[in-house]
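The values are calculated or read from the model by the stated rules, or taken from the named source; none is laboratory data. Quick caveat, the model's predicted, so the values are computed rather than measured. Note that each Cβ is placed from the backbone with ideal geometry, even for glycine, and that neighbours are counted across all protein chains shown. Just the protein is used for accessible areas: all its heavy atoms, side chains included, with ligands, DNA and RNA removed. Shrake-Rupley method; radii C 1.70, N 1.55, O 1.52, S 1.80 Å.
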Amino acid sequence: MASLITCPHCGVRPKEEFSIRGDAVPVRPAPNASDETWYAYVYVRDNPKGLIREYWHHTGGCRRFLVVERDNVTHEVFSVTDAADLARSASGEVA
Amino acid sequence: MTIAFVHRHVLEDHITGFETKPNPHHITVPRHPTILTVLAHAGSEAAVGAALQRLDGVTLRFCGPCEWLCVSETVSAEGLLRLVREIEGASAFDHSDGRVLLQITGPNVRKILAKCLAVDLHPEAFAIGRSANMLVAHVSGNLARTGENSFEIIVPRSYAGVVFEELKEMGREFALTAGFSEA
Ligand SMILES: [Zn+2]
């Protein structure tokens, strides 16, 4: 059920509490990156069928940005992680 | 020119006083609760949380990581603000006038709440003392379980009228009454 998202801070919540903020896969380029790189980052999206990663903002709850990994065909949710924790673990920083 | 400001509760026009005696299902509205928002600086969440827990006459409401509401009906906002600001790594702000506290109680309180919020409040799933931010009647607020069958809701002042009317409507089948607390 995609309509229920398990927030790591708040527990199981209906999707109405969230606002979806788009694809979580693109990585923001350096400020001096080429126009082509910036164009691709801002406009070009794959729109895949199946497994996707998105930013979900828990506006009605803890107000944290989450990264939700889900299947847009079966509506199965695989993981929900705090976006800040994810970014910190990616950069090797300890919270 | 001097202006004298008169404190007037935002639900004054909603609670008209036709109901004299509270029924078993009742909403109590404290007139002057103290409500502070407290944020912990990065890295000091556990220490600030533990220090807040030790404050006397204050209950702590969880909002999200590093964020709480401190609620008290006995300690003044100024007094509590002083205490909280002494805690290392904590930032606090007085929101007593910006938030409205609603205390709802009754044997069927979960049936009333189930009609306006979508979180599992079964006694085993939501223990006494637990609290969380959630949508209450489409408004983002904080809900806490304070007793066997009693809950407290904190919503922004400007939404309090809407949430209050919604709760009253949902409680009609149990003859839900409402009134300000005498204290
Ligand atoms: Zn949340």
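Quick notes
- When only alpha carbons are used to place a centre, the range B:138-183 and the range A:54-81 end up 29 Å from one another.
- The protein assembly as shown - Debye-derived log10 I(q)/I(0), Cα point model, q = 0.08, 0.11 Å⁻¹: -0.42, -0.75
- Computed over the Cα atoms of chain B, pair by distinct pair, the Kirkwood hydrodynamic radius stands at 17.2 angstrom.
- Accessible area in the full protein assembly, largest first, 1.4 Å probe, for B:TYR159, A:TYR39: A:TYR39, B:TYR159
- Most positive-pole-ward Cα, A:ILE20, A:PRO48, A:SER34, against dipole of chain A from beta carbon charges: A:ILE20
- 3J(HN,Hα) along the range A:78-92, derived from phi through the Karplus expression 6.51 cos²θ - 1.76 cosθ + 1.60 where θ = phi - 60°, amounts to 9, 7, 10, 10, 5, 5, 5, 4, 5, 5, 5, 5, 5, 8, x Hz, with x in place of Gly and Pro.
- Projected area, mean over directions - the range B:34-94, Cα convex hull, nm²: 3.3
- Over all orientations, the range A:19-95 has a Cα convex hull whose mean projected area works out to 6.4 square nanometres.
- Accessible area, probe 1.4 Å, largest first, for residues A:ARG64, B:ARG145: A:ARG64, B:ARG145
- About the centre of its Cα atoms, the protein assembly as shown shows a dipole size close to 260 debye [charges on the beta carbon of Lys, Arg (+1) and Asp, Glu (-1) only; nearest 20 debye].
- Helical runs assigned H by DSSP (4 residues or longer) give chain A a calculated mean residue ellipticity at 222 nm of -5500 deg cm²/dmol, each run adding -39500 (n - 2.57) before division by the residue total.
- Most tightly packed first, judged by the mean number of other beta-carbon atoms within 10 Å of their residues, the peptides B:99-105, A:12-18 read B:99-105, A:12-18.
- Total formal charge among the other residues, if their Cβ is under 12 angstrom from that of B:GLY79, Lys/Arg +1 and Asp/Glu -1: -2
- Net charge dipole size for chain A [Lys, Arg +1 and Asp, Glu -1 on Cβ; Debye, nearest 20]: 220
- For chain B, the longest principal axis of the Cα atoms and the long axis of helix B:157-170 meet at an angle of about 40 degrees.
- Residues in the range B:34-94 average 50 Å² of solvent-accessible surface per residue, probe 1.4 Å, ligands and nucleic acids excluded.
- Size descriptors for the range B:70-164, from the alpha-carbon set: Rg then Dmax equal 14.6, 42 Å.
- Kirkwood radius for the range B:142-183, taken over all pairs of different Cα atoms as the inverse mean of 1/r, rounds to 11.7 Å.
- The GNM of chain B, with springs linking C-alpha atoms under 10 angstrom apart, assigns the highest mean-square fluctuation among B:ALA50, B:ALA40, B:ALA90 to B:ALA50.
- Debye, to nearest 20: dipole size of chain B, +1 on Lys, Arg Cβ, -1 on Asp, Glu Cβ: 180
- For the pair the range B:64-101 / the range A:10-42, the C-alpha centres are spaced 34 Å from each other.
- Accessible area buried, both sides summed, chains A and B with 1.4 Å probe, Å²: 900
- Rounded percent of accessible protein surface that carbon and sulfur make up, chain B, 1.4 Å probe: 54
- Note on chain B: helix-only mean residue ellipticity at 222 nm, from DSSP H runs of 4+ residues weighted -39500 (n - 2.57) and normalised by residue number, equals -6000 deg cm²/dmol.
- Of the solvent-accessible surface of the range A:1-89, computed with a 1.4 Å probe and all protein chains present, 54% belongs to carbon and sulfur.
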